[in-house]
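The block underneath contains the structure these notes are about, expressed in structure tokens.
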Amino acid sequence: MRKKSSVIRLIAAIACICIIGGLLMAGSKAPGNQAARETRDLDQFKGKKCIVLSFDDGPYAETTPKLLDELETRNAKATFFLQGQWIEAHPDIVQKMYAEGNTVGNHTYDHQSITALTDEQLLDEYNKTQAQFWKLGIYTPFFRPPGGLYTEHDVDLLPNAIFVLWDGDPSDWATWDYETTYQYLITAIQNGATIIDLHDKIPSTTDAAIDAIDYLQPLGYAFISLEEAGELGLVNLDTPGVINALN
């Protein structure tokens, strides 16, 4: 059990101030000065069954750009939970992802299981990743703990974060199988799943996701970003805490 203390909270505040200050000194954009991005008329989605496809662990040079192009062609958006180390390695992909209107979120710097970390280690994983976003002019409150594992203390330690879990998971990371992932998507979504957890490093997953979009869009489904879901009133994004499904 990690120990709560006012000292830890002070460390967290100082860490955030130092990171922001360092970025400003380096000439980077402040969180309030966000990069430009595409927006959509959300009236087109009223009356449709809205789905958030989310992809963890990237971005990956081999698969993510193609996925972004396929989404854009289909008027579909997704949500990406990114590792800080890969944001640092592929900033151009993250900029494209964000500019095209997809939601981005923090997935720690190098995929550490946060329940195994000390408070100081968790804050470091979180803040280093936020710093990579800020360098690109991106501010995001969204955080997905690796494996979906967290404690209430973790939520308290990151008071401005919105923890985003899921209500649909094909376990694509375990199978790496197109047919298993595709059949899960078209079945689970039609049975009511609204936030799906996927991994864009797996080519069979990205192919299955695009084919599922092609199958489901004619049936009245729309694929939107998490932020668009908030704007449509399908999820409360105004208050930090934990969410795992759309309304």
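When you go through Leu149, Leu198 one by one, which is the residue that is under 16 Å from the mean Cα position of the chain (by Cα) and surrounded by fewer than 20 Cβ atoms within 10 Å (Cβ to Cβ)? Unique residue meeting the criteria: Leu149. Please work out if Thr63 is without any contact (Cβ under 8 Å) to a residue 24 or more places away in the chain and of a type in the set (Ser, Thr, Tyr). It is false that Thr63 is without any contact (Cβ under 8 Å) to a residue 24 or more places away in the chain and of a type in the set (Ser, Thr, Tyr). Among residues that are under 15 Å from Gln83 (Cβ atoms), small (Gly, Ala, Ser) and assigned to a helix (DSSP H, G or I), Gly105 is not included. Those strands (runs of 3 or more DSSP E) of the range 157-247 in which at least 2 residues are within 17 Å of Leu67 (Cβ to Cβ), considering only elements entirely within it, cover 195-199. Among the residues of the range 37-72, the one identified as more than 19 Å from Val104 (Cα to Cα) and either part of a strand (DSSP E or B) or among the hydroxyl-bearing types (Ser, Thr, Tyr) (or both) is Lys49. Can you confirm whether the range 179-194 contains a residue that is under 23 Å from His90 (Cβ atoms) and charged (D, E, K, R)? No, there is no match, as no residue in the range 179-194 is under 23 Å from His90 (Cβ atoms) and charged (D, E, K, R). Of all the criteria given as (1) closer than 23 Å to Ala245 by Cα; (2) modelled with pLDDT under 50; (3) among the polar types (S, T, N, Q), the one not satisfied by Asn102 is (2). For the residues Ala26, Ala12, Ala61, the requirement of being surrounded by fewer than 15 Cβ atoms within 10 Å (Cβ to Cβ) and at pLDDT below 70 singles out Ala26. A search for C-beta distances below 7 Å between a residue of the range 115-129 that is in a helix (DSSP H, G or I) and any residue that is basic (Lys, Arg), counting only pairs 6+ apart in sequence or on different chains, returns Asp119/Arg2. Restricting Asp56, Asp110 to residues that are under 10 Å from Asp200 (Cβ atoms) and of a type in the set (Asp, Glu) narrows the list to Asp56.
The values are calculated or read from the model by the stated rules, or taken from the named source; none is laboratory data. Keep in mind that this is a model prediction, so the values were computed, not measured. With ideal geometry, Cβ positions are generated from the backbone for all residues, glycine too; neighbour counts draw on all protein chains shown.
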